[in-house]
Structures are given as structure tokens and as C-alpha cells.
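These notes concern the structure reproduced below.
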Amino acid sequence: MRVLAVAGVFLPLSAAQSAVFTHIEGSADHATLESALNKVTAVKDALADANGPFTMVAPTDAAFTAALPELGIAAADAATLLDRADLGEILKYQVLSTTEKVNPLTAGDITTVQGMTATVTVSSDATPVTKVVGSNAAGVTISSSADVGTSGNEEHAVHVCTDRILLPKPVYQVASEATDLFSTLVAALDTAGLADVKTGLGLQNGGALHTVFAPTNDAFAAYLAARGIDADALLADSELANIVKYHILAGKVMAADVATGEQATLYGAAGKLSLAKDGSTVTVDGVTVDAEVPVGNGVIHPIPSVLMPNVVEVAKGSSDFSNLVEAVVTAELEDTLTGAGPFTVFAPTNAAFDAYLAKVGKTMDELKADKDALAALLKYHVLPTEVMLGDATTSTPASVEGSTLDLVKTGADLTVNGVAVAAGTANKQAGNGVVHVIGEVLEIPAASTPTKNVVELAVDNSLANLVSALEEVPALKTLLEGADKHTVFGPTDTAFAAAVSALGEDDLAGVLGRADLAEILEYHVVVEETKAEALVAGDVMSFQGTNIPVTVDGAKKMVDGAEVTTADVMATNGVLHVINQVMLPPSVAETLGADNDFSILVEALEAAQLTATFGWANKGGAMHTVFAPTDAAFQALIDGDASIENKAALLALPNLADILKYHVVSGKVMAAGLTDGEVDTLHSTAKLTVTDAGSAPKINGNAVATADMPAGNGVIHKIGVVLSVPADASTDTETSGAAAYGLAVVLAGIVGRMC
């Protein structure tokens, strides 16, 4: 048996007679309904008897005529109704999705084959009045009802209405009624700039169907918070219409029908949404779509984020930037500028390009011929941060090209290199930044002598969180303000925000208060001036003492996984490279794990659930000094005691954590910082004894084999013995006093023989 999909419901398709259609066909009052069903044969065929029983609302010709104004159709133009794209949706809404005939109708909500509900009301009059309510609160009045028989002795019910058609609620009405979800979106649609879109999402739209990826109120709240504006500012934003249009597709695309790929929006052909489907999960521009909401002229997909076109799509959306777009494509910068950003683009108009070409005596083709020079020119118009007009300050930030731009803010007015940034054409918001229209092409200045140190450049380049971090480490800040040359890899504010969770902190204040903050910052500093061209695949030594791995992928430079987004911002005392991640030097846990000499120690730390203590997701950033026994030391311990059969038995020792804690001192203590005497450990009572600190330090009489193995959150000193917890030390683990004491005595004897 064949099946037919109607509003996501699969109905078997039969060639058998439709008693419902035959009934309508035989009625002199239902010529328009008959014509409509003949027009949308899928609905007509779905009414076959074998698919029943059906309960249907049957509007008469008079009802169709009365409804024409409600649909924005001239009273004498009923034929226009039959050409509407949403005619099938209207017809399916007349069919109540029931498993049995319903006659008489009873009060309550009832689901239609179209997917939406209609509400039945029954008055308490002596002669009850039954109505079915859809988009019009007045509803349609049932004037008569009939049971319709079939050859199979099944029955359907047909309820006739004469006053109007039962119409499903359109997108705008459904959104308006869902105030807890979509009140901000509706307020946007109510603005003058979106009047045509609002009409298109209503009933009087010629029957067009639309798919709306609808940001919820929470999504808009997050968007407003991120931009630092309130709802009133959003509703007054000249870019609001484009933002909303970017969320709407022409046509009805249910979740089940989504195909992976790009879809043009009402924003224009340039503003395309990226749809993807993985099983039943649908994403749009990477945002997961919530359960769809059926509407009469399309579908609503709620989403938890406000979607935005990228800066290239913003430029493509205006014919006034055709030269700029052509140049970006030629210079092969489209992939870069459609990336995550954020970017600020000072976008020259076509007239600006024409004036520039006349000035330099070139045609557009001649300008495009030198791709490298063109790419540099375009990059000079881009900042690697988002700077809204209201947030701009007088400063000299570095462009993506590397040279600085001269921003001057006077009151509310902004100029860039002396070129006005007009408020009326600024702040074209994009998903990965902002576009400001300018009337001139900015020319890259000749090389000049730097006038600011690297800390001052960090301020100019909107690296506020880096500057705040340096304030917490005054010695390093003073060093970077001095005359000696250094290279600084400066994470953006966004990078610092992303580092909060990676470091196990609750907020940025937690990051700035970490005990290991100096180590992290020093890992971003190289003790010499290293320009981007000198960053080649390999390692560079950081000021912190560990190597920074460098990788190169074409023009892209990566330092320990962080991309250099702006290179060669030259300072009086070195160079600043802006990067998109906070780099973390190898932690104590990572350093131990990378050394084959410590494999048993690494397993022991894992068994004792101590690994996280020496990792980065350690709230507060406590640093540690580890006197780390080698594998040979652990093996000697196993071989010297018949009761420890093998490594597995060692890892199962009840006070393994106590033994390991006895090898760890709080803080970072380099060999030169050791002093003779007792020192506290992470063990609650047991102390280590340091001797010969001034020459070849010993720990409990055992020589340090390799001192000062650097790590980001501490230091490691390699030793060739497992240190014995004193027999009279209390135990931190949950073992009996006798068992703990006995094990400590055994270990004391074994390790004593090894020392």
C-alpha cells in the first residue's frame, strides 16, 4: 500500500472512493471547497475512505467569500485563493485528526491533520451553538452536521460552516501569543523597518510560506548583554531589519526535511544560513534547533542564540561594497573574514575605491593583479577585535596587516586615519564582528619608529584582560615596560574568558587571583624580539622556562595551539603578537606524563586520585614542588618487599596517597631556594629533611638526581628512591591505626635498606 505524508503524518493512499469528497462534490453550496480539493490533490487523495474515519469542517461558498478580506484578497477574486501556496495548509486544517468520527463536536482542543490545534466551543444556550476557533477568535459557526457513510460501513462526519473559513494561526500570531518565548522577536517585527516582514508572516501575505529560526527571549537577552545594550537600543538599531531577516527562509522546511547545506534567507542571497542534520538533531549556523512549533503558513524553529551574518555577508548584502567584495575574493581573504573573529572592518564604498584608483593611477584589474599587496591593503582595514562606535576610544590599535590605525574619538564622533566614521552607516553588526562604512580607502603608512612599549600596545589593542593580569604581576609588568627587548604573545579578552573554565575558575577574577598567574603570563613572553617571519616550526624558549611549540600552516602561525591573529605590532622594546587563546605551559602532571622515567609515579598519582592536584583545572592555581621517584626507585621498593607482589599491589596500597603526598611540598621551590632543615609536605604531619642545600642538596639523606625540571605550575626534582613516611607520622587515609603503622614500619625498613 502506498502512503502519503500530510503535515508529517503518513497516511495510506488508496484508490478507493472518498465518501467525504463525494459528499462535498454533491453539495451545491461547496463548489469552492471542491475546487480547492481538486487543486491540492494530495489532500483530496488523503481523504480516501480507507484512511478514515474523518471529521471535517466544510466551509460553504459563502464562507469562502466572507473570508477573502481576512486573507487580504479582493471580495470578487475568489480564484486568487486557489493559487495561494498555503492552500494545502488551510485545507488540512479543516480535517480534524481523529481516530473516530466526532459528531456532535464537544468542547476542547482538537488536533488537525495540518498539525496545529483548533478549539471547539459549545454554548450553554437552549439550542447550543457550536464553534471551531482557529486564527480568528470569533471562530466559525457550525450550521449543520452530517454523518457520511462509506461502502465499508465506516462513517465520517462533515460539519458545515457558512460564516468564514477555519484558518490556522500564521507565524506572527503564534509568536505573538507565545510571550514567554518570543516577545522580543515580536517587538522587533513590530518596528517600522520590518513592516513588510511582519505582513509576510501574517495571513494577508498572498499565501507565502516561511521558515523562521526564532531566537527566544533568553537568546535576545544574551545578545543584548554581549553587546552591552538594552532592548530599546536594539529596537532602534538600523541593522535590526537585517538581523531578523537573516533568521527567515522562504518556504516551509520542517526538521524532518532539513538537508545539510546553505540556505538563502530574506536577508538576501549573500546572507545564507548553514543547516546541518545529524540523526534527529538539526543545527543552524552551529546552533542546535529546539522542537519545532507548527504554524499555518510555515514553521517556527526556536533557537537559543541570535544568528548573525558574518562581515563578508554584510558587505555582500549591499551593492555599495561590490568593489570591496571583489577585492576580498581576489585576495583570498574570504575564508579568514568568515572565521570566528571577532573583527572590526572599516569598509570603503565603491566611490571610495574609485577615488583611490584615480589617485594611484590604476584600474581595478591592475589593483587585483598584485594579490599580496591587495591582501595587505585590505587587512589594514581590519582590526582583530570588535569595536562598536560607542566603545571606540582615541588609540592606535594594530590592524590585521600589522600597521597601526589612528583612531580619534571626539565626543560621539570617530575618525580613522582622519577619515570620518559616520554614525548613520556604522555599527553594521555581524556574527563575527562589526562593519563601519567609510568614504576613503585607508593607505598603509610607511614604516615608522615605534613610540610605545609592549604594555602600552596591549592597552591600545584592546587586550584589557592581559593588562589586568600584568597588574597582578608587577615584576613582569615592570620588565615589559623596560628597555630590554621581548616578544609578547597577547591573548585577546575573548581568549581570557574562554580560559576561565579551562583553569577551573568561576570567573575572570578567579584567573587573576591564581597563585600560578605569573607562570602563565611568563609563558607568553620570549626574552628577545622575534617577528612573525622568524617564527618557524619548532620550539622557542619562554621566559617561564618551558618551550613554546611553534607550528606553521601556510601563512598561519600557531604557538602552542593558539593562532597569531595579528602579528608584528612593533614596540619600543620588542614586538607584540595577538593570539586567540591563553597558552598554558606543561603542568606538573603533563611533564611527569611526558617522561618515561616516571610512568609508575604517574599511575600511582592516578590510583591515589591525585592527578588533578597537579593539573591546570585546579581552582586557585596552587603550585607544587615534587620530589619525583623514578620507575627504578619504585621497582626497587617492589623487589625489596615480598608482601608487595608487583606493581598492581603497590598501586593498591591503602596509604598510597600518604606516601605520594610525602614527596610534595607546597609552592615552587627551585634547588637554589632549598635551605637546610625540615620542610612541610602535603602529608598532614610528616616533614622532609633537607641537607647540603648550598651545594648538592639531599632529601632525607638522598641526593637529588636531576634538579629543576620546569613545569608550568611547579617544579620537579628527580630522585632515585621512594621516600619513607616516618613510622610515627599519622595517616591521612582511611585505614586502621595499626595497619597504617605497620605499613609505615615495613616501608621504613625497606627504604632504609635502599638508602
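Just to confirm my filter: which helices (runs of 4 or more DSSP H) fall fully inside the stretch 598-660 and include at least 1 residues that are surrounded by fewer than 17 Cβ atoms within 10 Å (Cβ to Cβ) and among the polar types (S, T, N, Q)? Working first, answer last.
Details: elements: 599-607, 631-639, 647-651.
Correct list: 599-607, 631-639.
Filter the stretch 111-129 down to residues that are open to solvent by 30 Å² or more (accessible area, probe 1.4 Å) and among the β-branched types (Val, Ile, Thr) and give me whichever is nearest to residue 299 (Cα to Cα). Taking the candidates together, the pick is 117. Count of the stretch 1-23 residues, restricted to those that are open to solvent by less than 60 Å² (accessible area, probe 1.4 Å), outside any helix (DSSP H, G or I) and at pLDDT 50 or above, is 2. A single entry from 692, 680 fulfils the requirement of being free of Cβ contacts under 8 Å to residues at least 40 places away in the same chain, on the phi > 0 side of the Ramachandran plot and open to solvent by 60 Å² or more (accessible area, probe 1.4 Å): 692.
Out of everything in the stretch 373-386 that is of a type in the set (A, V, I, L, M) and open to solvent by 20 Å² or more (accessible area, probe 1.4 Å), what residue ends up being farthest from the chain's Cα centre (by Cα)?
By that ranking, first place goes to 373.
Beta carbons closer than 7 Å, at least 6 apart along the sequence or on distinct chains, pair a first residue in the stretch 390-403 that is under 14 Å from residue 571 (Cα atoms) with a second that is part of a loop (DSSP other than H, G, I, E, B) and open to solvent by 40 Å² or more (accessible area, probe 1.4 Å) for 396/406; 397/462; 403/444; 403/445. The criterion of being at pLDDT 90 or above and either open to solvent by 20 Å² or more (accessible area, probe 1.4 Å) or under 17 Å from residue 400 (Cα atoms) (or both) holds for residue 528. Could you tell me which residue of the stretch 136-171 is modelled with the lowest pLDDT, considering only residues that are surrounded by 15 or more Cβ atoms within 10 Å (Cβ to Cβ) and among the acidic types (Asp, Glu)? It comes out as 154. Applying a threshold of 6 Å to beta carbon distances and a minimum spacing of six or more residues, or different chains, the list of pairs starting in the stretch 642-662 at a residue that is modelled with pLDDT under 90 and ending at one that is of a type in the set (Gly, Ala, Ser) reads 655/740.
Determine, yes or no, whether residue 550 is touching a Leu at 6+ places or on another chain (Cβ under 6 Å), under 21 Å from residue 454 (Cβ atoms) and crowded, with 22+ Cβ neighbours inside 10 Å. Can you show your working first?
On the way: touching a Leu at 6+ places or on another chain (Cβ under 6 Å): yes; under 21 Å from residue 454 (Cβ atoms): yes; crowded, with 22+ Cβ neighbours inside 10 Å: no.
Taking the combined requirement at face value, the residue does not satisfy it.
Screening the stretch 24-97 for helices (runs of 4 or more DSSP H) wholly inside it with 3 or more residues that are hydroxyl-bearing (Ser, Thr, Tyr) and surrounded by fewer than 15 Cβ atoms within 10 Å (Cβ to Cβ) returns no ranges. Residues in the stretch 153-182 that are under 24 Å from residue 58 (Cα atoms) and either among the polar types (S, T, N, Q) or part of a strand (DSSP E or B) (or both): 10 in all.
In the stretch 668-712, counting only strands (runs of 3 or more DSSP E) that sit wholly within it, the ones holding 3 or more residues that are over 30 Å from residue 548 (Cβ atoms) span 677-680, 687-691.
Quick check: anything in the stretch 408-420 under 30 Å from residue 367 (Cα atoms), among the hydroxyl-bearing types (Ser, Thr, Tyr), over 32 Å from the mean Cα position of the chain (by Cα) and loosely packed, with under 15 Cβ neighbours inside 10 Å? Checking the stretch 408-420: not a single residue is under 30 Å from residue 367 (Cα atoms), among the hydroxyl-bearing types (Ser, Thr, Tyr), over 32 Å from the mean Cα position of the chain (by Cα) and loosely packed, with under 15 Cβ neighbours inside 10 Å.
Considering the stretch 348-390, the qualifying helices (runs of 4 or more DSSP H), each wholly inside and each with 3 or more residues that are among the charged types (D, E, K, R), run over 364-369, 371-379.
Does residue 198 fit the bill of being part of a loop (DSSP other than H, G, I, E, B) and more than 21 Å from residue 32 (Cβ to Cβ)? Walk me through how you get there before you give the answer.
Values: part of a loop (DSSP other than H, G, I, E, B): no; more than 21 Å from residue 32 (Cβ to Cβ): yes.
No, not satisfied.
Got a number for residues in the stretch 307-335 being farther than 25 Å from residue 240 by Cβ, in a helix (DSSP H, G or I) and of a type in the set (Asp, Glu)? Give the steps one after another, and end with the answer.
Just the residues of the stretch 307-335 that are farther than 25 Å from residue 240 by Cβ, to begin with: 323, 326-335.
So of that shortlist, the ones also in a helix (DSSP H, G or I) come out as 323, 326-330, 334-335.
Filter once more, keeping what is of a type in the set (Asp, Glu): 326, 334-335.
Residues that pass the stated criteria total 3.
I want to confirm something. Restricting to the stretch 204-229 and keeping residues that are assigned to a loop (DSSP other than H, G, I, E, B) and modelled with pLDDT under 90, which single residue is least open to solvent (accessible area, probe 1.4 Å)? Only one residue fits best here, namely 207.
The values are calculated or read from the model by the stated rules, or taken from the named source; none is laboratory data. Keep in mind it's a predicted model, so treat the numbers as computed, not measured. Glycine gets a Cβ as well: all are built from the backbone with ideal geometry, and neighbour counts include every protein chain shown. The accessibility values were calculated without ligands, DNA or RNA, using every heavy atom of the protein model including side chains. Shrake-Rupley method; radii C 1.70, N 1.55, O 1.52, S 1.80 Å.
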